[in-house]
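Accompanying notes for the structure given below.
The values are calculated or read from the model by the stated rules, or taken from the named source; none is laboratory data. Just so you know, these numbers come straight off a predicted model, no measurement behind them. All Cβ positions, glycine included, derive from the backbone under ideal geometry; neighbour counts span all protein chains shown.
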Amino acid sequence: MIKQVRADYNAPVIEKGVQDFWKKDNIYERTRAFRSEGENFYFLDGPPYTTGSIHLGTAMNKTIKDTLIRFWRMKGYNVRDQPGFDMHGLPIEVQVEKKIGVRSKREIEEFGIDNFVTTCKNFAQELRGSMTEQFKRLGVWMDWEDPYQTLKLSYIEAAWWTLSKAYDKNLLVSDSRVLTWCPRCETALAEAEIEYWDEKDPSVMVEFPLTEGEGSLLIWTTTPWTLPSNMAVAAHPDFGYAKIRMKDGERSKTVIILESQAEHVASKGGFTETETLERMKGKDLEGLGYLPPFDIDDRYRRKTEWRHRVVLADYVEKDNTGLVHTAPGFGPDDYETGKRYGLDPFCPVNEAGRFTEAFPLLAGKKVKTTDQDILKHLEEKGILFASEKTQHRYGHCWRCKSPHNIQEHKAMVPQGHRHKGQDARRSGQGQMGPGMGRNIQREELGRRCQGLVRIQAKVLGDPHAGLDMPLRREARRGDLR
């Protein structure tokens with residue numbers, strides 16, 4: 001019945017009246033039943049984390065979804081409208097850590113793994129309840145009596161069923177990858193989870209003495225702590241390099257660098273004169289041997305033909321010395337170059353960002369605090385050519401604000417590239433609007449082919465039956481039932 005228009009609009013009163021009417025007359029349930037014989041329409045809800053009250057983003061998200069569900073239901077479809085809640089992982093762990101006053105994995109272990117998991121589960125369930133009521137207050141029509149919850153066994157088993165099918169078809173293999181890693185949260189970070197701001201770090205030039213002949217290769221880096229993991233030096237095949245003698249009075253150094261950078265490099269080292277002894281292309285340097293800055297026991301890294309030699313890479317740029325310190329255990333480009341030359345990644349750093357016994361000189365120390373120790377060692381060896389501070393943008397974990405590392409980890413890697421062409425063809429068969437959506441989906445398919453299975457949880461996560469994945473061991477012990 002249409003009532004007379006009121007002179008005022010009292011939103012809370014009117015909205016409560018509408019919702020009371022829906023509830024009293026079972027309007028949502030009757031609408032679903034009325035369309036139950038219609039053609040099925042599958043809707044999948046991307047779930048919000050249960051970490052607090054809903055906010056403008058989640059409110060708008062659910063409102064848009066509710067609008068679309070109502071539209072297709074009015075078109076006669078039987079719409080599957082199950083909502084979801086993401087109740088695992090670090091966002092919940094971080095909130096619980098704040099609540100109970102713990103700051104590290106050790107403190108969590110002292111609190112008790114089982115106690116911590118139970119506290120996380122209760123925290124997530126309480127917020128699921130309050131978020132549900134808030135979404136209802138927005139007027140969102142979904143099946144709130146039967147939401148999917150990622151900590152329920154039914155959901156976990158479905159995830160494992162999917163992984164088992166991929167494994168059975170040889171589409172999931174154990175391998176290693178270089179990941180962006182938060183040493184405080186002890187988990188991998190997606191690109192969207194990294195916040196950047198300017199920081200000051202050492203900018204150093206280091207001499208790697210040649211194994212034969214006079215002089216050194218001169219490399220540049222802003223991460224001295226990765227130098228113990230050096231496995232090669234990268235040069236651009238087409239750039240012009242030179243062996244140059246630099247002088248300042250009686251002081252003299254002979255180094256191989258990018259020829260166009262001679263004056264810049266000399267000034268950094270405090271030299272006033274340069275003399276070109278020999279010119280060569282980068283490709284002519286390939287295979288040239290050198291002595292690494294640190295002696296590492298061969299028990300920890302395999303000796304190969306190309307270890308501690310010059311390799312070629314197109315990503316080398318015409319700046320600094322033109323020679324790139326290459327550590328396959330600490331960078332995506334380095335990792336791929338290492339694969340081409342048969343160099344195994346060497347990563348003497350654990351998940352907490354501390355050096356392991358594989359680098360006994362600084363074992364147990366956090367890598368980001370060791371730059372000065374590294375520089376002192378290089379200076380004592382007489383191979384520190386130049387050192388200064390530089391300001392550059394550096395990534396940090398969006399949750400805890402800790403600076404990230406980029407380091408090698410074991411992972412389960414999907415072999416999606418085997419079906420890349422087939423997936424692209426299938427993605428082009430359906431209708432999609434706006435048109436840019438199709439291009440975004442194709443790009444995403446390409447990225448997923450290079451992805452890996454990651455579960456971002458330190459304690460609260462899917463149990464994983466000992467699979468060699470970048471997960472916390474504690475997650476195996478957490479009883480999520």
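Here is how the numbers come out for the structure above:
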quantity	calculated
Boolean, A232 is farther than 20 Å from A262 by Cα, within 25 Å of the chain's Cα centre (by Cα), hydrophobic (A, V, I, L, M, F, W, C) and not assigned by TED's automatic domain parsing to the domain that holds V310	no
3 or more residues at pLDDT 95 or above: qualifying strands (runs of 3 or more DSSP E) within region 131-239	194-209, 216-221, 232-235
Region 401-413 - residue that is surrounded by fewer than 19 Cβ atoms within 10 Å (Cβ to Cβ) and modelled with pLDDT of 85 or more and, of those, farthest from K339 (Cα to Cα)	K401
Residue within region 201-213 that is closer than 18 Å to N405 by Cα, surrounded by 19 or more Cβ atoms within 10 Å (Cβ to Cβ), in contact with a helix residue (DSSP H, G or I) (Cβ under 6 Å, 6 or more places away or on another chain) and touching a residue at least 60 places away in the same chain (Cβ under 8 Å) present	no
Failed item, numbered, when K23 is tested on (1) of a type in the set (D, E, K, R); (2) within 30 Å of C120 (Cβ to Cβ); (3) at pLDDT below 95	(2)
Lone unmet requirement of (1) in the same structural domain as V117 (by TED's automatic domain parsing); (2) part of a loop (DSSP other than H, G, I, E, B) for I2	(1)
Unique residue being in contact with a Cys (Cβ under 8 Å, 6 or more places away or on another chain), surrounded by fewer than 19 Cβ atoms within 10 Å (Cβ to Cβ) and not hydroxyl-bearing (S, T, Y) when the list is E157, E195, E191, E126	E195
Qualifying residue in region 18-36 (condition: under 26 Å from R128 (Cβ atoms) and in a loop (DSSP other than H, G, I, E, B))	yes
Tally of residues being out of contact with any helix residue (DSSP H, G or I) (no Cβ under 7 Å at 6 or more places or on another chain), assigned to a helix (DSSP H, G or I) and without any contact (Cβ under 8 Å) to a residue 60 or more places away in the chain across region 100-124	6
Members of region 67-90 that are among the charged types (D, E, K, R) and more than 32 Å from the chain's Cα centre (by Cα)	R70, R73, K75, R80
Filter pass, K339 being free of Cβ contacts under 8 Å to residues at least 12 places away in the same chain and either in contact with a strand residue (DSSP E or B) (Cβ under 6 Å, 6 or more places away or on another chain) or under 16 Å from E408 (Cα atoms) (or both)	yes
Unique match (being touching a Ser or Thr at 6+ places or on another chain (Cβ under 8 Å) and among the basic types (K, R)) among K368, K389, K339	K389
Subset of region 122-162 (residues that are farther than 30 Å from L172 by Cα and of a type in the set (D, E, K, R))	E126, R128, E133, K136, R137, D143, E145, D146
Residue in region 239-252 that is among the polar types (S, T, N, Q) and under 20 Å from V311 (Cβ atoms) present	no
Options R6, R103: the member that is farther than 27 Å from E145 by Cβ, under 25 Å from the mean Cα position of the chain (by Cα) and surrounded by fewer than 17 Cβ atoms within 10 Å (Cβ to Cβ)	R103
Residue list for region 263-299, restricted to those being within 37 Å of the chain's Cα centre (by Cα) and farther than 30 Å from P345 by Cα	H264, K268, G269
Selection count, region 348-397, where residues are of a type in the set (F, W, Y) and over 21 Å from D297 (Cα atoms)	2
Residue count for region 119-147, restricted to those that are among the hydrophobic types (A, V, I, L, M, F, W, C) and within 13 Å of A59 (Cβ to Cβ)	4
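Each row is one residue, and each column tells you yes or no for (1) over 19 Å from Q407 (Cβ atoms); (2) outside the structural domain of E351 (by TED's automatic domain parsing); (3) surrounded by 14 or more Cβ atoms within 10 Å (Cβ to Cβ).
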{"position": "L291", "(1), (2), (3)": "yes, no, yes"}
{"position": "F294", "(1), (2), (3)": "no, no, yes"}
{"position": "D298", "(1), (2), (3)": "yes, no, no"}
{"position": "R301", "(1), (2), (3)": "no, no, yes"}
{"position": "R309", "(1), (2), (3)": "yes, no, yes"}
{"position": "H325", "(1), (2), (3)": "no, no, yes"}
{"position": "Y335", "(1), (2), (3)": "no, no, yes"}
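Yes/no matrix, rows are residues, columns are (1) assigned to a helix (DSSP H, G or I); (2) in contact with a strand residue (DSSP E or B) (Cβ under 8 Å, 6 or more places away or on another chain); (3) loosely packed, with under 12 Cβ neighbours inside 10 Å; (4) modelled with pLDDT of 95 or more:
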{"residue": "T51", "(1), (2), (3), (4)": "no, no, no, no"}
{"residue": "A59", "(1), (2), (3), (4)": "yes, no, no, yes"}
{"residue": "I64", "(1), (2), (3), (4)": "yes, no, yes, yes"}
{"residue": "T67", "(1), (2), (3), (4)": "yes, no, yes, yes"}
{"residue": "W72", "(1), (2), (3), (4)": "yes, yes, no, yes"}
{"residue": "V79", "(1), (2), (3), (4)": "no, yes, no, yes"}
{"residue": "Q82", "(1), (2), (3), (4)": "no, yes, no, yes"}
